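J.: I am attaching a structure below and will ask some questions about it afterwards.
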Amino acid sequence: MRTTDVTLIRVPQLAAAPYAYASTIPASARLIFLAGACPIDVEGVVIHSDDIAAQTRHCLENLDVALSAVDASLTDIVSTRVLVVTRDRHDLTAAWAVVSKWFGDHAVPSTLLGVTVLGYDGQLVEIEATAGIVD
């Protein structure tokens, strides 16, 4: 039976944050490196091309599907990187609000970046993740 053994580490010597500054998994864990989850449907079409929050949700839904394919789940994620096409901090905040709600108490270390362009026309968001599971 597989178990989840991600330990989220809060660091009191650093500024209070709504996420962990670090995470660990046992040495025996199998690492899972996920490709960036994109806001595309099963036909490969970008959806919600004008809505950062909706694209973020769809990226997270696609991330869940990819995790399921390797017998993992949200609570197996050890870190994320969220990329948003923007120069506006409000857009970053909109994406982060969706990510934060989705992860809830499993607030893994994450990097939130504004970028110039992503791979698909109309794509505004991409979410990368690394997970770890113990079989």
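J.: In the stretch 4-135, with Lys and Arg counted as +1 and Asp and Glu as -1 at Cβ, which of these residues, 97, 44, 34, has the Cα nearest the positive end of the dipole, that is, farthest along it?
T.: Toward the positive end, the furthest listed residue is 97.
J.: Rounded to the nearest 500, what is the chain's calculated 222 nm mean residue ellipticity when only DSSP H runs of at least 4 contribute -39500 (n - 2.57) each, over all residues?
T.: Here the helix-only value at 222 nm equals -8000 deg cm²/dmol.
J.: Which is farthest toward the positive dipole end of the stretch 7-133 among 129, 70, 8, measuring Cα position about the Cα centre, with Cβ charges +1 (Lys, Arg) and -1 (Asp, Glu)?
T.: 8
J.: How would you order 128-134, 18-24, 64-70 from highest to lowest mean count of nearby Cβ atoms within 10 Å?
T.: Values: 128-134: 21.0, 18-24: 15.3, 64-70: 13.4.
Packing proxy ranking, top to bottom: 128-134, 18-24, 64-70.
J.: About the Cα centre of the stretch 7-133, what is the dipole size in debye to 20, counting +1 per Lys and Arg Cβ and -1 per Asp and Glu Cβ, all else neutral? If you can, show how the numbers build up before the last one.
T.: Values: 7 positive and 14 negative charges, 122 e Å.
Here the size comes out at about 580 debye.
J.: Using a ≥ b ≥ c from the Cα gyration tensor of the stretch 1-69 (square roots of the eigenvalues), is it rounded, prolate or oblate, where a/c under 1.5 gives rounded and otherwise the larger of a/b and b/c decides, a/b for prolate?
T.: It is oblate, given that a/c is not under 1.5 and a/b is not larger than b/c.
J.: Given the C-alpha centroids of the stretch 4-48 and the stretch 71-135, what is the distance between them in whole angstrom?
T.: When both Cα centres are located, 8 Å separates them.
J.: Follow-up. Need one word for the chain: rounded, prolate or oblate. Basis is the Cα gyration tensor (sqrt eigenvalues a ≥ b ≥ c); a/c below 1.5 gives rounded, then a/b vs b/c decides.
T.: The shape class here is oblate.
J.: Next question. In nanometres, what is the gap between the two model label sites at residue 42 and residue 13, each 7 Å from Cα along Cα-to-Cβ?
T.: According to this spin-label approximation, the distance is 5.1 nm.
J.: Under the rule a/c < 1.5 gives rounded, and otherwise a/b versus b/c splits prolate from oblate, where does the stretch 71-135 land using the Cα gyration tensor?
T.: Note, shape of the stretch 71-135 comes out prolate.
Coordinate-derived values only; no laboratory data. This is a predicted model, so every value here is computed, not measured. Every residue, glycine as well, gets a Cβ built from its backbone with ideal geometry; the counts of neighbours run over all protein chains shown.
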